[in-house]
Amino acid sequence: MSTKFAVSVRVGAGILMVSLMSFLSTAKWLKEIVYFDPRAVGTNKITRYLMRFDSLKRVLPDRGVMGYISDASVPSDSGKVQDIRRYYLTQYALSPLIILDTPYCKQVIGNFHETEIDSQTYRQWNVEVLAKFDGVVWLLNKNVK
Amino acid sequence: MIPFVFSLLIPITIGLSWVYLFWSDHRLLSFDFLLKASLGVGFGLGISSSLYFLELFLGWSSRSKTIGVETVLLLVLVGILCYRSCMGRSDVQVPKQGSEPSLRGAFRRLLFLVLFLELIVDGVAFLVMILKYPHGGWDAWSIWNMRARFIYRAGIYWRDAFSPLIGWSHPDYPPLVPTIIARCWRYIAHETVAVPMAVAMLFTFATVGLICSSLSKLRSSSQGLLAGIVLLGTPFFVKLGAVQYADVPLAFFVLATIVLLCLQDQLSESHQSFNYMAGMAAGFSVCTKNEGLIFVLAILIARTIVLIFGKGWKPFLSQMLFFLGGLIPLALLLIYFKIQLAPPNDLLSSLKARSAATSLLEASEYVQTIKAFAVRMINFGEWVIPFLPILVLYLIGLGVHVEGREKPSIVTVVIALGLTGAGYFFAYIITPYNLKWHQFQSLNRLLLQLWPSFVFLFFLVARCPEKALNAKEGLEKTPDPRGIVH
């Protein structure tokens with residue numbers, strides 16, 4: 001009788017322990033669910049960021065290689081990651097154009113934080129502005145002199 | 001909406017028909033339907049992706065051709081199945097393991113309740129996550145979805161997706177996931193984030209379905225439920241699925257290969273269909289991520305050892321023939337991709353023979369990697385408390401139970417997972433990157449690729465609750481002709 005009871009307890013404890021711990025871990029998601037704002041659907045960070053390229057896309061060719069310049073974020077490790085992220089997102093938005101992280105291309109995309117950019121920032125790369133889209137995205141041409 | 005549903009329904013139906021073709025069963029909705037459906041989801045997406053890649057290669061860039069090819073394939077498969085059904089061809093019956101009565105009463109209800117609640121919570125959480133991150137996580141948009149955009153948008157210039165000029169996006173990564181997304185976009189004739197979301201959801205929940213149903217078949221329903229509970233109770237698994245990382249599809253194909261080989265071991269030598277499907281699943285794993293190559297090498301070594309030493313040369317050759325029959329066509333597709341399209345792998349190309357040799361002799365690299373593996377394994381999964389000690393306690397409580405004829409399957413899985421893990425380990429040892437950074441970036445994801453298979457193995461060797469409870473009633477006193485090892 002005691003052996004039967006011990007086996008039942010062991011089996012029961014095993015099942016309960018695994019089930020309970022799994023369920024508690026699953027319950028971690030409840031916080032995510034409760035704090036989710038349905039109004040935020042479609043307006044997440046990346047979707048909003050990609051919108052800045054909508055106007056530019058209309059004037060770009062279907063295929064080709066273009067350069068890329070940007071004003072750097074605050075110099076720090078996280079700033080560096082953010083700069084890389086902005087460049088990658090530019091490539092993601094403008095695919096299948098190939099965007100190189102260099103100003104040394106015939107045409108260059110400028111992707112800036114601010115609408116007002118110090119002219120020194122881009123003149124150092126010897127480019128001229130062809131068009132500005134919403135202030136922060138520029139299409140630039142390499143000056144050939 | 002209708003074209004979107006059809007763009008996924010057609011590959012799934014192709015996959016399901018494919019599974020029925022090799023696992024014939026005159027009853028459509030049999031006990032094994034969940035197992036077949038789970039396999040069908042992965043096989044369907046894999047087959048459609050491979051077909052679309054071939055179409056791209058052949059220059060068939062029109063939508064009607066894509067739809068036409070798949071419709072013809074589906075009709076042919078359905079036709080063969082109907083013909084077989086009419087001819088009354090015998091079914092492939094995998095014997096159901098475990099003669100014990102199902103777990104009774106409170107325990108059974110508890111397991112069903114927990115699994116059901118987890119499915120609801122995880123399902124809603126998955127939806128919340130994909131709505132919050134419709135483009136997926138960093139790797140999803142910067143690698144997989146971006147490549148899908150290239151393939152879909154560039155038309156005849158789809159090869160630009162693999163340009164070495166965008167080496168940072170790892171253009172050498174295998175194309176299965178981006179190709180299936182681009183194929184669905186082609187199908188519905190526009191780009192929508194709903195496609196990668198749906199693909200991610202299908203792979204995530206098909207993995208759960210596969211582990212539950214396969215263990216129910218190979219062990220007992222409670223064992224299947226417990227494995228599903230553990231997998232669904234791994235927040236990191238659901239999270240990585242929801243942010244559309246390719247590690248989850250890879251985990252699915254690794255698990256599918258292992259499950260199919262275990263099912264094969266339940267059949268007589270005259271039936272080799274599961275070997276063929278296992279080879280295909282292994283092929284899809286290679287086409288999903290580069291890590292799939294390590295897994296395929298590991299499973300080939302494991303199977304060779306088990307079959308030669310356990311069964312002899314003749315069964316080895318016949319089983320390998322079928323396994324390779326499923327693997328080789330997909331491997332050829334990948335070889336073409338690697339030779340013709342993909343630039344050199346960043347890890348391998350920056351690897352210098354001398355520095356790799358130096359790293360292999362560097363004790364500190366081993367110490368750091370062992371430490372990283374240990375820490376990540378203990379903290380893996382994002383559980384409320386580390387889960388591995390709980391599994392160890394569970395195993396101590398219920399014990400180990402391996403039947404004699406299941407030994408080959410279990411040894412295969414142990415060797416395959418062990419060798420794959422060792423492959424990952426040595427990839428870190430010789431990495432040309434900063435070791436700490438490399439481990440921080442990827443180790444958790446590598447562990448996740450093997451996690452469903454590990455859970456499967458765990459519940460394959462753990463004694464079923466039914467068996468443990470029946471043992472107390474003296475049922476195990478009956479001599480077992482199959483040579484049970486306790």
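The values are calculated or read from the model by the stated rules, or taken from the named source; none is laboratory data. No experiment lies behind these values; they were computed from the predicted model shown. Neighbour counts run over all protein chains shown; Cβ positions are idealised from the backbone, glycine included. Each accessible area value is taken on the protein alone, full model and side chains, heavy atoms only, with ligands, DNA and RNA left out. Shrake-Rupley method; radii C 1.70, N 1.55, O 1.52, S 1.80 Å.
The stretch A:1-65: which trypsin sites (Lys or Arg not before Pro) are DSSP loop and have at most 16 other beta-carbon atoms within 10 angstrom? Mind showing how you got there, number by number?
Values: sites: A:Lys4, A:Arg10, A:Lys28, A:Lys31, A:Arg39, A:Lys45, A:Arg48, A:Arg52, A:Lys57, A:Arg58, A:Arg63; in loops: A:Arg52, A:Arg63.
Answer in residue order: A:Arg63.
In whole angstrom, the stretch A:45-142 maps to an equivalent ellipsoid with semi-axes of 18, 17, 13, each derived as √(5λ) from the alpha carbon gyration tensor and ordered largest first.
Each of B:Thr71, B:Ser364, A:Leu139 was placed along the dipole of the protein assembly as shown (beta-carbon charges, centred on the mean Cα), and the one lying farthest toward the positive end is B:Thr71. Given a 1.4 Å probe and the protein chains as shown, B:Lys311 ends up with an accessible area of around 80 Å². For the set A:Trp29, B:Trp18, solvent exposure ranked by accessible area (probe 1.4 Å, protein chains only) runs largest to smallest as B:Trp18, A:Trp29. Chain A and chain B together bury an accessible surface of about 4700 square angstrom, both sides counted, with a 1.4 Å probe and no ligands or nucleic acids included.
The heavy atoms of B:Tyr133 offer some 100 square angstrom of accessible surface to a 1.4 angstrom probe.
Take every pair of alpha-carbon atoms less than 8 Å apart whose residues are at least six positions apart; their mean separation over the length of the stretch B:104-203 yields a relative contact order of 25 percent. Around A:Gly110, what is the net charge, scoring Lys/Arg as +1 and Asp/Glu as -1 over all other residues with Cβ under 14 Å from its Cβ? With Lys, Arg at +1 and Asp, Glu at -1, the net is -3. Considering only A:Ser55, A:Ser22, A:Ser95, the mean-square fluctuation computed in a Gaussian network model of chain A, springs between alpha carbons under 10 angstrom, is largest for A:Ser22.
Cross-link partners for A:Lys28 among the lysines, with Cα-Cα distance under 27 Å and sequence neighbours closer than 8 places in the same chain left out: A:Lys45, B:Lys132, B:Lys239. Go ahead and set up a Gaussian network model of chain A, Cα springs under 10 Å, then flag whichever of A:Ile84, A:Ile15, A:Ile117 fluctuates most. Top of the fluctuation ranking is A:Ile15. In terms of accessible area, using a 1.4 Å probe and ignoring ligands and nucleic acids, B:Phe57, A:Phe5, B:Phe203 rank largest first as A:Phe5, B:Phe57, B:Phe203. Taking the charge dipole of the stretch B:284-376 about its Cα centre, with +1 at Lys and Arg Cβ atoms and -1 at Asp and Glu Cβ atoms, the residue from B:Leu293, B:Ile305, B:Phe316 reaching farthest to the positive side is B:Phe316. Here the alpha carbons of chain B define both size measures, Rg and Dmax, at 22.4, 70 Å. For the stretch A:45-142, relative contact order (Cα pairs under 8 Å, six or more residues apart, normalised by length) works out to 33 percent. Taking the helices alone, chain A has a mean residue ellipticity at 222 nm of -15500 deg cm²/dmol, built from -39,500 (n - 2.57) per DSSP H run of at least 4 residues and averaged over all its residues.
Taking every DSSP beta bridge that has both ends in the protein assembly as shown, the antiparallel portion is near 70%. I'd like the accessible area for B:His271, computed on protein heavy atoms only with a 1.4 Å probe and all protein chains in place. Round to 10 Å², please. Only protein atoms counted, so the area is about 70 Å². Take each residue in A:87-98, count the other chain C-beta atoms within 10 Å of its C-beta, and the mean is 6. For the protein assembly as shown, the calculated P(r) over all alpha carbon pairs, in 20 Å bins from 0 to the bin holding the longest distance, is 18, 50, 27, 5, 0 percent.
About the centre of its Cα atoms, the protein assembly as shown shows a dipole size close to 440 debye [charges on the beta carbon of Lys, Arg (+1) and Asp, Glu (-1) only; nearest 20 debye]. Averaging the sequence gap over all C-alpha pairs within less than 8 Å and six or more residues apart, then dividing by the number of residues, gives chain B a relative contact order of 18 percent.
If we count GluC sites (Glu not before Pro) as exposed when they sit in a DSSP loop and have at most 16 other beta carbons within 10 Å, what is the longest stretch of chain B that avoids them all? Could the numbers behind the result be given before it?
Values: sites that count: B:Glu269, B:Glu362, B:Glu473.
Longest stretch, sites excluded: B:1-268.
Taking a straight line from the alpha carbon of B:Lys467, these lysines sit under 19 Å away, with near neighbours fewer than eight places off in the same chain left out: A:Lys4, B:Lys96, B:Lys217, B:Lys407, B:Lys477.
Taking every DSSP beta bridge with both residues inside chain A, roughly what % is antiparallel (nearest 5)? Before the final figure, lay out the partial values.
On the way: 11 of 17 bridges.
So the antiparallel bridges in chain A amount to around 65 percent.
About its Cα centre, how strong a charge dipole does the stretch B:328-426 have in debye, to the nearest 20, once Lys and Arg get +1 and Asp and Glu get -1 at the Cβ?
Details: 7 positive and 6 negative charges, 41 e Å.
Rounded to the nearest 20 debye, it is 200 debye.
Along the axis of the charge dipole computed for the stretch A:45-142 (Cβ charges of +1 for Lys and Arg, -1 for Asp and Glu, origin at the Cα centre), the listed residues A:Thr47, A:Cys105, A:Ser70 are led at the positive end by A:Thr47.
Residue by residue through A:26-37, how many Cβ atoms from other chains fall within 10 Å of the Cβ on average? Can you show the working numbers first?
On the way: counts 16, 6, 8, 12, 3, 1, 8, 6, 1, 1, 7, 1.
What the average comes to for A:26-37 is 6.
The accessible surface of the stretch A:45-142, taken with every protein chain in place and a 1.4 Å probe, is 50 percent carbon and sulfur.
Within chain B, helices built from complete DSSP H runs that reach 27 Å or longer along their own axis (Cα positions) and carry a mean Kyte-Doolittle hydropathy of -1.0 or higher are B:2-22, B:33-58, B:63-87, B:105-132, B:194-218, B:291-310, B:313-336, B:407-429, B:435-461. For helix A:77-94, report the angle its Cα long axis makes with the longest principal axis of the Cα atoms of chain A; keep it between 0 and 90° and round to the nearest 10°. Once rounded, one gets 70 degrees.
Pick from A:Glu116, A:Glu128, A:Glu32: which residue has the top mean-square fluctuation in a GNM of chain A where Cα pairs under 10 Å get a spring? In the Gaussian network model the winner is A:Glu32. Peptide A:3-14 has a mean shielding of 6, counted as Cβ atoms of other protein chains within 10 Å of each residue's Cβ. Largest to smallest in accessible area, the residues A:Thr47, B:Thr234 fall in the order A:Thr47, B:Thr234 (1.4 Å probe, all protein chains included).
Placing +1 on each Lys and Arg Cβ and -1 on each Asp and Glu Cβ, with no other charges, gives the stretch A:45-142 a dipole about its Cα centre of roughly 320 debye.
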